[in-house]
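Chemist: Below you'll find the structure I mean.
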Amino acid sequence: VNQSSLAFVRAVFREYYAKARLQAPPAIETREFGFLQFGEKSIIRHLSFSNIEQVRRFAAENGPASISYSTAYYRYPDRQPMVAKEPYRFDLAFDIDADHIPTKCKRQHDFWFCQICDVRGPGVRKKCPVCHSEVVLAKFVCPECMNAAKEHVRNLIDILEGELGLRMQQVQISFSGRRGFHVRIFDEEVGGLTSEERREIVDYILLKEIEPRRHGFAFEQRGGKRVLASGPAVREGAISRRIVQVVKRYLEAVEKKALAMPSFLRPSGALLKEGEVVWENLGLRTYDEIRQLIECANEYAGVSLDPMVTCDDARLLRMPSSIHGGTGLLVTVVDDLDQFDPFNDPVVLSDDPVNVHIHYSPNVVLRDQPLGPFKHEVRRLPLFAAIYLICTGVAEIVG
Ligand SMILES: [Zn+2]
Ligand SMILES: [Zn+2]
């Protein structure tokens, strides 16, 4: 993205914050704030504000690409180093990102391109195969991956309430502004959990460190071959039930070829029969491979989350009611996950027309307006769409 595009986006963001109604986090005076400026790589941290109006004024002056605040509550949020801040409580926070859920749509909407040679290709790549300069990665989302992310949020809440028995009064789900959701639990009940205790919760959710033998997995010798003879019985408890559920969904996707065949599966017949997993047909050879299957299945059909966001004591997370510098979309508190439309509800910028030169863009639908696909063309687009394409890195402002 060139300098005039950056300046343009910054001006648009400043204008947004000039009249924005921002939502203050609980106990705002105890939070560390961070801002990322456009064109910079590192966040300005260790800031603190005593009210949301101060945050708004700072943002209106700077037009930042992100505003985030700490999951920790500090006695002295602006002191350095981190220990001097004296944290005394934490929100329990989770980050679910569609990017990490292996949906097959990514091959259709994620690509790299080289601005120098005008070559591009699907998926992820670091260097241009022609000139070896750094390529631009353009990642998009579609209803398929965002629906998968929603499903993972529902699964997460089910585990927290149903299995871990958290009686959550203050849960906030927010659209992160780009590809996923943040879940924050503000309740005092979880505020005293240590980083290690939060790590245990994450491992439990991610079905890590599973001991397969404890969940009914057993190998048998059959005709000189080691065969997985049984898997978990659904009635054997919450984890067993969850293992069976995610493995089923995962194997269905493999059978439908929505997912590539992983190396640890060596099918010798149908993977599923009448909706049940046929364990002996999977070709699993070791307990390690069972663990791999469970983790992959969970990542696809259970809960895929970034463990660091939950465990890191010094974490900053995007503030709802700010706008995301990678999209121009609003970081939105989601009251009704089913009804929330990530291609409509977070579109807050105006539709004043502006001219942009688009290198390349797949088909994107924003605020019910189909945009693209575009290739090397100058278009007059509504502001929200122009900002979306510039911020994604596939377009530049013209004039
Ligand atoms: Zn090149
Ligand atoms: Zn997608």
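The values are calculated or read from the model by the stated rules, or taken from the named source; none is laboratory data. Every value quoted in this text rests on a predicted model; they were computed, and no experiment measured them. Note that each Cβ is placed from the backbone with ideal geometry, even for glycine, and that neighbours are counted across all protein chains shown. Just the protein is used for accessible areas: all its heavy atoms, side chains included, with ligands, DNA and RNA removed. Shrake-Rupley method; radii C 1.70, N 1.55, O 1.52, S 1.80 Å.
Chemist: Which is farthest toward the positive dipole end of the chain among 383, 269, 339, measuring Cα position about the Cα centre, with Cβ charges +1 (Lys, Arg) and -1 (Asp, Glu)?
Modeler: With unit charges placed on the Cβ atoms, the residue in question is 269.
Chemist: Is there a quick way to get the dipole size of the stretch 51-172? I mean about its Cα centre, with the Cβ of Lys and Arg at +1 and of Asp and Glu at -1; what is the value in debye to the nearest 20? Walk me through the numbers on the way to the answer.
Modeler: Values: 17 positive and 16 negative charges, 60 e Å.
The dipole magnitude comes to about 280 debye.
Chemist: If you bin the C-alpha pair distances of the chain every 20 Å from 0, what whole percents do you get?
Modeler: 24, 51, 23, 1
Chemist: Relative to the longest principal axis of the chain, what angle (0 to 90°, nearest 10) does the C-alpha long axis of helix 287-301 take?
Modeler: 40 degrees
Chemist: Let me ask something else about it. Given R₀ = 41 Å, FRET efficiency for residue 167-residue 107 by Cβ-Cβ distance, to 0.05?
Modeler: Given R0 = 41 Å and the Cβ-Cβ separation, E is 0.45.
Chemist: Please give the charge dipole size of the stretch 106-146, origin at the Cα centre, charges +1 on K and R Cβ atoms and -1 on D and E Cβ atoms. Round to the nearest 20 debye.
Modeler: Details: 7 positive and 4 negative charges, 28 e Å.
Roughly 140 debye, rounded to the nearest 20.
Chemist: 7 Å from Cα along Cα→Cβ at both residue 208 and residue 44: what's the point-to-point distance in nm?
Modeler: Simple spin-label model gives 3.5 nm for this pair.
Chemist: Provide the net charge surrounding residue 237, with neighbours chosen by a C-beta distance below 11 Å and charges set as Lys +1, Arg +1, Asp -1, Glu -1.
Modeler: Working: positive: 214, 235, 241, 242; negative: 163, 236.
Summing Lys and Arg as +1 and Asp and Glu as -1 gives +2.
Chemist: A further question on this structure: Leaving out ligands and nucleic acids, and using a 1.4 Å probe, what accessible area per residue does the chain come to in Å²? All intermediate terms of the calculation are to be shown ahead of the outcome.
Modeler: Working: 18870 Å² over 399 residues.
Value for the chain: 47 Å² per residue.
Chemist: Among 250, 292, 228, whose Cα projects farthest towards the positive end of the dipole of the stretch 192-315, with charges put on the beta-carbon of Lys, Arg (+1) and Asp, Glu (-1)?
Modeler: Of the options given, the answer is 228.
Chemist: Mind telling me which of 235, 285, 198 comes out most flexible in a GNM of the chain, alpha-carbon contacts under 10 Å?
Modeler: Comparing 235, 285, 198 in a Gaussian network model of the chain, the most mobile one is 235.
Chemist: While we're looking at this one, here's another question. List the residues whose amide H sits under 5 Å from the amide H of residue 177, counting only those 5 or more places along or on another chain, with H placed 1.01 Å from N in the peptide plane.
Modeler: 332
Chemist: Roughly what would the spin-label model give for residue 261 and residue 57, points 7 Å off Cα along C-beta, in nm?
Modeler: Between residue 261 and residue 57, the label points sit 6.5 nm apart.
Chemist: Just going by the charge dipole of the stretch 6-158, with Lys and Arg at +1 and Asp and Glu at -1 on Cβ, which of 103, 131, 65 is farthest out on the positive end?
Modeler: Of the listed residues, the answer is 131.
Chemist: Cα-based Rg (one decimal) and Dmax (whole number) for the stretch 294-399, in Å?
Modeler: 16.9, 53
Chemist: As a test of the formula, what do you get for the chain when each DSSP H run with n ≥ 4 contributes -39,500 (n - 2.57) and the sum is divided by the residue count, at 222 nm and rounded to the nearest 500 deg cm²/dmol?
Modeler: After summing the helix terms and dividing by residue count, I get -8500 deg cm²/dmol.
Chemist: Assuming R0 = 35 Å, can you tell me the calculated FRET efficiency for the pair residue 338 and residue 221, based on Cβ-Cβ distance, to the nearest 0.05? Could you put the intermediate results ahead of the total?
Modeler: Details: r = 49 Å, r/R0 = 1.41.
So the FRET efficiency works out to roughly 0.10.
Chemist: If you split all Cα-Cα distances of the stretch 43-161 into 10 Å bins from zero, what percentages do you get per bin, shortest first?
Modeler: 11, 22, 24, 29, 13, 1
Chemist: Okay, next question. List the lysines whose Cα lies under 24 Å from the Cα of residue 256, skipping any in the same chain that are fewer than 8 positions away.
Modeler: Result set, ordered by chain and number: 104, 106, 150, 248, 273.
Chemist: How large is the accessible surface of residue 189 in square angstrom, using a 1.4 angstrom probe and rounding to the nearest 10?
Modeler: Residue 189 has an accessible surface of roughly 110 Å² with all protein chains in place.
Chemist: Can you give the translational diffusion coefficient of the stretch 1-70 in µm²/s, computed by Stokes-Einstein from the Kirkwood radius over Cα pairs at 4 °C and 1.567 mPa s? Walk me through the numbers on the way to the answer.
Modeler: Values: Rh = 12.5 Å.
Here the translational diffusion coefficient equals 104 µm²/s.
Chemist: Counting Lys and Arg as +1 and Asp and Glu as -1, each charge on the Cβ, what is the dipole of the chain about the Cα centre in debye, to the nearest 20?
Modeler: Numbers: 52 positive and 53 negative charges, 221 e Å.
Computed charge dipole of the chain: roughly 1060 debye.
Chemist: Using alpha carbons only, how many degrees (0 to 90, rounded to 10) separate the axis of helix 238-255 from the longest principal axis of the chain?
Modeler: Once rounded, the angle reads 80 degrees.
Chemist: Testing the spin-label approximation: label points 7 Å from Cα along Cα→Cβ at residue 295 and residue 79. State their distance in nm.
Modeler: Placing both labels 7 Å along Cα→Cβ, they lie 3.9 nm apart.
Chemist: While we're on this one: If you roll a 1.4 angstrom probe over the protein chains with everything in place, what fraction of the accessible area of the chain belongs to carbon and sulfur, to the nearest %? The partial results should precede the final answer.
Modeler: Working: 8800 of 18870 Å².
After summing per-atom areas, the C and S share lands at 47 percent.
Chemist: What angle, in degrees between 0 and 90 and rounded to the nearest 10, separates the Cα long axis of helix 52-62 from the longest principal axis of the Cα atoms of the chain?
Modeler: With rounding to tens, the tilt is 70 degrees.
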